[in-house]
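The values are calculated or read from the model by the stated rules, or taken from the named source; none is laboratory data. Not measured: the values here are computed from a predicted model. Methodologically, a virtual Cβ is constructed for each residue, glycine included, from the backbone with ideal geometry; neighbour enumeration extends over all protein chains shown. Please note that ligands, DNA and RNA were not included when accessible areas were found on the heavy atoms of the full protein model with its side chains. Shrake-Rupley method; radii C 1.70, N 1.55, O 1.52, S 1.80 Å.
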Amino acid sequence: MEIDFVRSRFIKHFDGKTGNVYASPGRINLIGEHTDYNGGFVFPGAVDKGIMAEMRANGTEDTVMAYAIDLKDRVDFKLSDPDGPRASWARYIYGIALEMKKLGVPVKGFNIAFAGDVPLGAGMSSSAAMESCFACGLNDIFGENKVSQWDMVLAGQATEHNYCGVNCGIMDQFASVFGKAGCLMRLDCRSREFEYFPFKPDGYRLVLLDSVVKHQLAGSPYNDRRNSCENVVKHIQAKHPEGKFETLRDCTWEQLDEVRAEVGEEDYKRAKFVLGEKDRVLGVCEALNEGDYEKVGELMYQTHEGLSKDYEVSCEELDFLNDIAKECGVTGSRIMGGGFGGCTINLVRNDLYKNFIATAKQKFNDKYGHEPKVYDVVIGDGSRKLC
Ligand code: GLA
């Protein structure tokens with residue numbers, strides 16, 4: 001995406017003056033799904049696609065004039081309006097502005113125009129890209145950049161919780177803020193320690209296949225999954241008052257089995273997936289250190305199976321894409337992100353790539369009447385000011 005494109009719209013839709021331009025990426029996640037809000041590990045990386053915004057203080061006390069370039073939609077609102085704007089995209093701006101204010105940034109009225117090339121609803125975190133991009137801009141324009149990167153991550157997450165109805169974890173905002181070109185990041189979501197993992201698999205590549213089934217987390221069963229996990233933790237805590245159980249990270253397989261009957265099969269299966277997924281992330285790290293990509297792939301398939309059968313966040317189209325990957329000899333394939341639609345992430349040997357893509361397109365088209373979209377993964381940088 002070009003700065004000039006965003007700038008020309010910013011100038012046209014407001015008073016002809018320019019502002020500053022910021023960019024933040026979407027993300028992929030190699031493995032570690034639905035583990036972030038369970039205190040587990042995740043393994044994301046930023047992508048080369050995201051959101052770009054031009055922003056400028058407009059001299060008013062609290063009037064925001066916002067233009068969504070891709071939607072050709074203009075919304076003006078006041079930060080002091082307790083309800084905020086209705087348009088879902090504008091709620092990200094309203095929410096992050098109020099969250100940044102809570103962090104001590106004296107946000108006043110501003111103009112903003114933004115555009116994106118991260119596909120919406122594909123499970124690549126277009127919403128986190130918006131939150132971190134706007135946070136980065138507000139921090140720069142009004143806050144002398146005094147808010148730390150971690151606080152911006154948390155402000156993005158709080159925006160989802162408080163204004164958008166999604167009780168998400170911290171993976172997406174973390175990846176968008178901290179991303180680094182060429183590197184995946186292994187994050188411990190409990191301690192928030194992380195390390196950069198250079199990712200250049202020799203002879204393999206990562207590709208996303210987008211089912212184009214719109215994934216929508218707001219008001220969705222996403223929050224139900226989280227509630228199930230918290231319910232299991234509550235029961236384990238009640239059985240073991242001597243211990244401290246904050247998330248499933250603190251629970252063992254034995255403890256989970258102890259509460260199986262009382263929490264019921266649905267919650268049990270969900271928690272079982274999470275415990276397994278925590279171990280799989282560590283398994284992937286080990287396999288990467290040994291250059292064992294076949295092992296990485298095997299674990300990805302296991303994750304898909306768990307997300308589909310136990311966590312129940314897949315859909316027919318994603319399972320179909322996963323089956324095609326298996327048939328084509330793809331090393332690893334699984335649903336990526338929250339689920340309920342969106343993409344599969346595939347680790348493919350270079351020599352199989354062409355056939356895989358052609359087969360997936362053809363078979364998917366035969367069955368669903370359209371091809372999946374194909375995104376080759378390029379791991380890019382996190383939030384930044386462009387000019
Ligand atoms: C969404 C959420 C994240 C994470 C993933 C699943 O992307 O925003 O916090 O829970 O789903 O891993």
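List of remarks:
- Pair Leu120, Lys78: separation of 7 Å Cα→Cβ label points (nm): 2.8
- Spin-label model, Asp202/Val378: points 7 Å from Cα along the beta carbon direction are separated by 2.5 nm.
- Loop sites in the stretch 1-90: GluC sites (Glu not before Pro), DSSP, at most 16 other Cβ within 10 Å: Glu2, Glu61
- Set of lysines near Lys367 by C-alpha distance (under 30 Å), chain-local residues within fewer than 8 positions excluded: Lys49, Lys214, Lys309, Lys326, Lys354
- The chain - percent of accessible surface contributed by carbon and sulfur, probe 1.4 Å: 47
- C-alpha center-to-center spacing [the stretch 151-183, the stretch 350-387] in angstrom: 24
- Cα gyration tensor category, rounded, prolate or oblate, for the stretch 199-287 with a/c compared to 1.5: oblate
- Rounded to 10°, Cα long-axis angle of helix 293-305 versus longest principal axis of the chain: 90
- Qualifying lysines (Cα of each under 24 Å from Cα of Lys17; at least 8 residues distant if same chain): Lys72, Lys78, Lys108, Lys385
- Average accessible area per residue (Å²) across the stretch 1-77 - probe 1.4 Å, nucleic acids and ligands excluded: 35
- Computed with a 1.4 Å probe on the full set of protein chains, the accessible area for Trp253 sits at about 110 Å².
- The alpha-carbon of Lys234 sits under 17 angstrom from the alpha-carbons of these aspartates and glutamates, leaving out residues fewer than 8 places away in its chain: Asp224, Glu242, Glu246, Asp250, Glu254, Asp257, Glu258, Glu262, Glu265, Glu266, Asp267.
- Shape category assigned to the stretch 9-55 from the gyration tensor of Cα positions, a/c cut at 1.5: prolate
- Volume of the Cα convex hull of the chain, divided per residue and given in Å³: 143
- Solvent accessible area, Å² - Asp202, 1.4 Å probe, full protein context: 130
- The calculated FRET efficiency for the pair Trp150 and Lys244, based on their C-beta separation and a Förster distance of 30 Å, comes to about 0.80.
- Per residue, the convex hull spanned by the Cα atoms of the stretch 88-177 measures out at 86 cubic angstrom.
- Grouping the Cα pair distances of the stretch 1-153 into 5 Å bins from zero gives a pair-distance distribution of 2, 9, 19, 22, 21, 15, 8, 4, 1, 0 percent in increasing distance order.
- Surface accessible to a 1.4 Å probe, per residue, for the residues of the stretch 122-265, Å²: 42
- Both the radius of gyration and Dmax for the stretch 258-340 are 13.9, 43 Å, in that order, over alpha-carbon atoms.
- Remark: the stretch 280-384 carries 41 Å² of accessible area per residue (probe radius 1.4 Å; ligands, DNA and RNA excluded).
- Take every pair of alpha-carbon atoms less than 8 Å apart whose residues are at least six positions apart; their mean separation over the length of the stretch 1-105 yields a relative contact order of 20 percent.
- Taking the chain and dividing mean pair separation by its residue count, relative contact order in percent (alpha carbons under 8 Å, at least six apart): 23
- Taking amide H as placed 1.01 Å from N in the peptide plane, Ala113 has its amide H under 5 Å from the amide H of Glu54, Tyr67, each at least 5 places away in sequence or on another chain.
- Qualifying trypsin sites (Lys or Arg not before Pro) for the stretch 1-70 [loop in DSSP, other Cβ within 10 Å: at most 12]: Lys17
- Model label points for Asn223 and Asp351, set 7 angstrom from Cα along the Cα-to-Cβ axis, are 5.1 nm apart.
- Loop-located GluC sites (Glu not before Pro) across the stretch 217-253 with a Cβ neighbour count of 16 or fewer within 10 Å are Glu242, Glu246, with loop assigned by DSSP.
- Modelled label reach - Glu262, point 7 Å along Cα→Cβ, the stretch 211-248 residues with backbone N closer than 13 Å: 231-242
- Rel. contact order, % - alpha carbon contacts under 8 angstrom, at least six apart, the stretch 60-126: 39
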